[in-house]
Amino acid sequence: MKRIFTTFARNLLDSTKDLAPIVLVIAFFQLAVLQQPIPDFANIALGTGFVLLGLTLFIYGLNLGLFPIGEALAFAFVKKGSLVWLLIFAFALGFGTTVAEPALIAVANEAANVAQLGGIIKTEADLNTYAQTLRYTVALSVGFSVLLGVLRIIKGWPLTYLIMGGYILVIIATFFAPENIIGIAYDSGGVTTSTITVPLVTALGVGLASSIRGRNPMIDGFGMIAIASLLPIVAVMIFGMLW
């Protein structure tokens with residue numbers, strides 16, 4: 001119990017340090033530049049406290065649960081020795097975590113609302129279909145990205161070539177995609193690597209690189225997040241061409 005309390009207190013202190021620059025910047029511009037009192041200070045202070053507590057609990061939960069389970073699964077699949085099941089798991093992990101990303105849900109819904117205002121979507125049913133299809137398009141591409149990242153670790157492919165190839169695909173797709181989808185596509189690439197996807201995918205990559213002889217966790221274990229942020233851009237642009 002004492003160990004749990006000590007760890008939580010350390011995470012709370014770290015979260016306070018992380019949040020302090022944001023609070024100081026807002027306070028400086030509000031009080032020194034705008035020279036206005038902070039509106040509704042009580043609610044803002046309460047909300048900041050909730051953010052601090054939530055961030056602390058989130059980080060504590062990552063260290064307690066998500067990182068260990070990701071690494072444990074990687075070790076277990078390597079021990080099992082089945083490449084097919086490992087690749088299926090990698091795809092399912094990337095797809096499942098991305099579908100559940102709150103940031104992606106928000107972007108997809110906002111994109112659908114803007115598309116309706118722009119006349120791209122005509123009915124309410126099309127609004128929901130557009131948002132859901134966009135989400136699943138991104139999720140499928142992230143699933144394939146994680147699968148590709150696992151193959152890279154197993155085969156020892158240089159990350160540089162994959163990243164360069166990904167950027168070339170992004171540039172080519174940008175020339176052919178409709179203008180109204182390009183911004184959404186680039187934002188979709190960013191929101192895929194958020195609170196749920198990053199911890200599990202990172203833990204999977206590090207655990208996999210640690211369990212395979214000849215692989216360096218520092219060199220080979222990281223990089224899947226970079227791949228997962230590129231392929232969704234291309235996928236959403238293709239979605240825009242076909243819609």
Residues that are of a type in the set (V, I, T): which helices (runs of 4 or more DSSP H) entirely in the range 1-90 hold 3 or more of them? 2-28, 41-61
Among the residues of the range 73-97, which ones are open to solvent by 50 Å² or more (accessible area, probe 1.4 Å), under 21 Å from the mean Cα position of the chain (by Cα) and in contact (Cβ under 8 Å) with a residue 12 or more places away in the chain? L73, F91, A92, F95
From G61, G149, residue being in the same structural domain as L12 (by the TED database) and more than 30 Å from N180 (Cβ to Cβ): G61
Please state which one of R135, R152 is open to solvent by less than 10 Å² (accessible area, probe 1.4 Å) and among the charged types (D, E, K, R). R152
Would you please name the residue that is modelled with the lowest pLDDT, looking only at residues in the range 185-232 that are of a type outside the set (S, T, Y), in contact with an Asp or Glu (Cβ under 9 Å, 6 or more places away or on another chain) and crowded, with 20+ Cβ neighbours inside 10 Å? V191
On the basis of being buried (at least 16 other Cβ atoms within 10 Å of the Cβ) and either closer than 16 Å to L204 by Cβ or touching a Leu at 6+ places or on another chain (Cβ under 7 Å) (or both), does A108 make the cut? yes
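The values are calculated or read from the model by the stated rules, or taken from the named source; none is laboratory data. Because the structure is a prediction, the values reported are computed rather than measured. Counting neighbours? That spans all protein chains shown, and the Cβs are built from the backbone with ideal geometry, glycine included. Protein only, heavy atoms only, side chains kept; ligands, DNA and RNA dropped before computing areas. Shrake-Rupley method; radii C 1.70, N 1.55, O 1.52, S 1.80 Å.
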